[in-house]
Amino acid sequence: MKIPKRALLCVALLSVAQIPLSAIAADDVIPVGVDVTKPGAKIDRQIFGQFAEHLGRGIYEGIWVGPDSRIPNTRGIRNDVVAALKAIKVPNVRWPGGCFADEYHWKNGIGPRDKRPPTLNPNWGGVIEPNTFGTHEFMDFLDQVGADAYLSINIGSGTPAEAADWLEYLTTPQPTALQQQRAANGHPAPFRVPILGLGNETWGCGGSMTPEYYTDQLKVYARYARNYNSQQPMRRIAVGPDGSHTEYTEAVMAAWKNKTWAWDIEGISLHFYTVVKFPPTFKSVDFSEDDYATLLKETRRMYDLLKTHGDIMDKYDPEKKVLLSVDEWGVWLDKMPGTPDGFLEQQNSQRDALIAALNLNAFARHSDRVRIANIAQMVNVLQAMIFTRQEKMVLTPTYHVFHLYVPFQDATFLPVKFEAGTYRHGDVEVPRVDAIAAKGTDGKVWVSLTNLDPVRPVNIDLQAAGVKATRARGQTLSAPRFNSVNTFEAPETVKPKTVDVQARGGKLSLKLAPASVTVVALE
Ligand code: AHR
């Protein structure tokens, strides 16, 4: 094509700073190389765990509608929500909180439902807690989903005896009085409790305990909140750090290092939200690119935290016997206008899908230590997978990321080499591309590619040395805009589309849309 001289002159007169960034770099190519010869740790499927607290509409309406509801249900539990959660293969659900757990008295939530006492939920809106959804309903819900229990016991306002009784009620196969009560309530066989949380945020809503006071409590609870069923293993998770604070990490790990025959733990927890500061002010709808960039940068702090706490843990436990459970993570935004205080209801956008991918990638890269994680929270609360409104249900962009990542469950981590480039907005700079890879339990090499730039697409040349791939197949999650959301009126604005990448010139080439997450398998 002949370009008129006048046009060439115009381009020459533009300084580089005036040329839009998208014009300079739209066609640059980032080579991504997967190394299948150096497999790393298993990416434990438990890092894809969920969190369901008695908070707002998380349990009541979100999961529980009652057997007499016109909303299709199985023994009171919504069928649509169960089917959606089965599709993302939820490995575990943390329950009943959160701050709620430290005011929960389990005996209020067993026996005939019409006889259960109404109590209060002072943490979350001061509403009445009907105790309709209790131990048996939670276990039934898990059975329907196919997930493990991650039970948080009450250390803040409970007693060691109350916790010990709950564990006996749940786990003993012996004909004790508590086992008989369990049988009378409809479940003679022991329940499985594969993960037990020994308190929640005892540095905050769980009792504002000093690290020393908590470690003393921990020894008592780790001793008496026993698993009474040797056939069914249970991992105990101590309270660990609040974000970047290291006092709990040091204290709990030092206590573990000097543990006696009388107590033990298998993990410690980390809580970190993408929030910048409390109270949360960032909007979940109609937000600007400033907000977009700031929250992506904030999310990347997860890497610093995994390194900081991982290093402390290595000091006491170089063999990595104690796992890190990131059992509260996700973006925490300003509540949606018109929703009740304390219900933590926020929309969920394409940006939040990217935040989910960045966090999951961080956990995968640290999978030798991070072996449990729980996004906060599963339905209708914070960075939810699912929204419900009466009989309607919407899947969020974050749900779709969990769906795309199913092949990474229990896959073997593979190192990936790439130049990430930079996405710049104002003062904010973050790596433009993120990528992880793993060998799935299906034997295939899976790659996740994220383009954080909300304007520029990026071309990827994908290679895996030693793998003769002629194509890659998978799905991509992109959206009309970085702040696009799914609503009850337009539930499919953001949803995955199929990608099928053919080999050209010995390479697999694909284009990542702006602000997108793509997961492909090499074939
Ligand atoms: O997820 C909401 C709350 O955040 C939890 O109840 C608490 O543990 C944390 O502070």
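The values are calculated or read from the model by the stated rules, or taken from the named source; none is laboratory data. What you are looking at is a predicted structure, and each value in this text was computed from that prediction instead of being measured. All Cβ positions, glycine included, derive from the backbone under ideal geometry; neighbour counts span all protein chains shown. The area values use the complete protein model at the heavy-atom level, side chains included, leaving out ligands, DNA and RNA. Shrake-Rupley method; radii C 1.70, N 1.55, O 1.52, S 1.80 Å.
When we screen Phe141, Phe100 for residues that are at negative phi, surrounded by 22 or more Cβ atoms within 10 Å (Cβ to Cβ) and away from the ligand (no atom under 16 Å from the Cβ), the only hit is Phe141. For segment 23-59, which positions are within 16 Å of the ligand (Cβ to nearest atom) and not charged (D, E, K, R)? Within segment 23-59, Gly49, Gln50, Phe51, Ala52, His54, Leu55, Gly56, Gly58, Ile59 meet the criteria. Can Asp500 be described as acidic (Asp, Glu), part of a strand (DSSP E or B) and over 20 Å from Leu358 (Cβ atoms)? Criteria met by Asp500.
Within segment 397-425, the set of residues being more than 16 Å from the ligand (Cβ to nearest atom), under 26 Å from Pro454 (Cβ atoms) and of a type in the set (S, T, N, Q) comprises Thr422 only.
For Val394, indicate whether it is open to solvent by less than 10 Å² (accessible area, probe 1.4 Å), touching a residue at least 12 places away in the same chain (Cβ under 8 Å) and within 16 Å of the ligand (Cβ to nearest atom). Criteria not met by Val394.
Given the condition in contact with a Leu (Cβ under 6 Å, 6 or more places away or on another chain) and of a type in the set (Lys, Arg), answer yes or no: does some residue in segment 399-417 qualify? No, there is no match, as no residue in segment 399-417 is in contact with a Leu (Cβ under 6 Å, 6 or more places away or on another chain) and of a type in the set (Lys, Arg).
Can you name every residue in segment 52-97 that is of a type in the set (Phe, Trp, Tyr) and touching a residue at least 60 places away in the same chain (Cβ under 8 Å)? Residues satisfying the conditions are Tyr60, Trp64.
Which count do you get for residues in segment 205-235 that are in contact with a strand residue (DSSP E or B) (Cβ under 7 Å, 6 or more places away or on another chain) and either farther than 26 Å from Trp124 by Cβ or surrounded by fewer than 21 Cβ atoms within 10 Å (Cβ to Cβ) (or both)? Going through segment 205-235 one residue at a time, the tally reaches 3. When segment 75-97 is filtered for residues that are open to solvent by less than 10 Å² (accessible area, probe 1.4 Å), part of a loop (DSSP other than H, G, I, E, B) and closer than 18 Å to Ala373 by Cα, the ones remaining, listed by number, are Ile88, Val90, Pro91, Pro96, Gly97. Of all the residues in segment 423-480, those that are within 30 Å of Asp368 (Cα to Cα) and not in a loop (DSSP other than H, G, I, E, B) number 30. Of the residues making up segment 313-331, those that are exposed (fewer than 13 other Cβ atoms within 10 Å of the Cβ) and in contact with a Phe, Trp or Tyr (Cβ under 7 Å, 6 or more places away or on another chain) number 0. Determine whether segment 484-498 contains at least one residue that is over 22 Å from the mean Cα position of the chain (by Cα), at pLDDT 95 or above and among the hydrophobic types (A, V, I, L, M, F, W, C). Yes, segment 484-498 has at least one match.
The single residue among Phe191, Phe272 that is within 14 Å of the ligand (Cβ to nearest atom), open to solvent by 10 Å² or more (accessible area, probe 1.4 Å) and not hydroxyl-bearing (Ser, Thr, Tyr) turns out to be Phe272. Annotation note: of Thr159, Thr172, Thr176, the sole residue that is surrounded by fewer than 20 Cβ atoms within 10 Å (Cβ to Cβ), touching a Phe, Trp or Tyr at 6+ places or on another chain (Cβ under 7 Å) and modelled with pLDDT of 95 or more is Thr172. When Leu508 is tested against (1) under 15 Å from Val447 (Cα atoms); (2) surrounded by fewer than 17 Cβ atoms within 10 Å (Cβ to Cβ), just one condition goes unmet, and that condition is (2). Count of segment 245-269 residues, restricted to those that are open to solvent by less than 10 Å² (accessible area, probe 1.4 Å) and in a loop (DSSP other than H, G, I, E, B), is 1.
Of all the listed residues (Asn459, Asn486), the sole one being among the polar types (S, T, N, Q) and crowded, with 21+ Cβ neighbours inside 10 Å is Asn486. Residues in segment 460-483 that are among the polar types (S, T, N, Q) and at pLDDT 95 or above: Gln475, Thr476, Ser478, Asn483. Looking only at segment 275-292, which residues are of a type outside the set (Phe, Trp, Tyr) and either open to solvent by less than 10 Å² (accessible area, probe 1.4 Å) or within 16 Å of the ligand (Cβ to nearest atom) (or both)? Once the filter is applied, which keeps residues that are of a type outside the set (Phe, Trp, Tyr) and either open to solvent by less than 10 Å² (accessible area, probe 1.4 Å) or within 16 Å of the ligand (Cβ to nearest atom) (or both), segment 275-292 yields Val275, Val276, Lys277, Pro279, Pro280, Ser284.
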